[in-house]
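What follows is one structure encoded as structure tokens, with my remarks underneath.
The values are calculated or read from the model by the stated rules, or taken from the named source; none is laboratory data. Note that the structure is a prediction, hence the values are computed from the model and not measured. We place every Cβ from the backbone using ideal geometry, glycine too, and count neighbours over all the protein chains shown. For accessibility, only protein heavy atoms count, side chains too; no ligands or nucleic acids. Shrake-Rupley method; radii C 1.70, N 1.55, O 1.52, S 1.80 Å.
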Amino acid sequence: MRNASGTEAHRDKVLKVALALLTKHGRDAVTTRSVAEAAKVQPPVLYRLFGDKDGLLDAVTAYGFSGYLAKKQSPASGGDPVEGLRVGWDLHVEFGLGNPELYLLMYANPRPGAESPAAQKAFAVLDQHMQRVAAAGRLRVSVARACALYHAAAVGIVMLLLSQAPEQRDLGLSAIARDHALSGITNTSQAISSSTLPAVANQMHALLGNLSGTSNVLSDAERSLLLEWMQRLLGSPV
């Protein structure tokens, strides 16, 4: 138990130091040598804890992002799910502008198949928000497409604002981009018509997902057949 506690203390100390270097001097300052010297540990300790520099950077990102993730946790069952998306966007932009080096570490150098664990967690929370919107009949495109569009728009606006000097930033652009993104993926009402058929299909898809494994209302084969019918009606996968 003492060894485990000591390892955790070493890890926490190293991550605090690495995050401070990142915040003050940027990504290039976070090397195994500089972090080891600042934390007053031997380089082998870092390799034992994090594997390599990429592992260290991923751990620093997750460590620095943990406070944001706490605010962006899965929404409660009540409340307007679309409003939840709006709040989530504002938190995302606020974090990006307040923690530029950490944000750039997460999003400015995308590696296909190697997204940072922190970014994956944040996207998973967005997906949960979007599933609620679909279950409420408010989503007019698939959950996957809605998440991709909303995420891309939010990251894009943060990157644009970070490329500008603080005194030159038009923060109103964030609200405009957010509302345009919302209008592109959500319905303003739940009235059923031919134009809201995608929303109804997405609502059924989300509800069927919630029933999976917890209800005997439909068998797996029946559920699969119903999903196939919805895809035919929409002309594309939901």
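For residue 53, go through the aspartates and glutamates and keep the ones whose alpha-carbon is under 12 Å away, minus same-chain ones fewer than eight residues off.
28
Please list 159, 106 in order of solvent-accessible area, largest first, computed with a 1.4 Å probe with all protein chains present.
Per-residue accessible area, sorted high to low, gives 159, 106.
What's the local net charge at residue 146, with K and R +1, D and E -1, over the other residues with C-beta under 11 Å away?
+2
For residue 8 and residue 90, FRET efficiency with R0 = 35 Å and r from the beta-carbon atoms, rounded to 0.05?
Result of the calculation: an efficiency of 0.55.
Local charge sum around residue 186 (other residues, Cβ-Cβ under 13 Å, Lys/Arg +1, Asp/Glu -1)?
Net local charge, residue 186 excluded: +3.
How many nm is it between the label spots at residue 164 and residue 148, if each spot is 7 Å from the Cα in line with the beta carbon?
2.9
Hey, can you grab everything whose amide H is under 5 Å from the amide H of residue 186? Only 5+ residues off in sequence or another chain; H modelled, so Pro and N-termini drop out.
It is 140, by chain and number.
Give, in nm to one decimal, the length gained when the segment between residue 53 and residue 41 is fully stretched (0.36 nm per residue of separation minus the Cα-Cα distance).
2.8 nm
Using label points projected 7 Å from each Cα along Cα→Cβ, tell me how many nm separate residue 183 and residue 127, to one decimal.
Going from the residue 183 label point to the residue 127 one covers 3.0 nm.
Hey, what do the phi angles of region 32-45 turn into as Karplus ³J(HN,Hα) couplings, whole Hz, using 6.51/-1.76/1.60 and θ = phi - 60°, x for Gly and Pro?
4, 5, 5, 5, 4, 5, 5, 8, 6, 10, 7, x, x, 4
Counting only protein chains, not ligands or nucleic acids, how are 123, 65 ordered by accessible area (probe 1.4 Å), most first?
Order by accessible area, largest first: 123, 65.
Quick one: if the Förster radius is 35 Å, what FRET efficiency do residue 23 and residue 219 give, using the C-beta to C-beta distance and rounding to 0.05?
0.05
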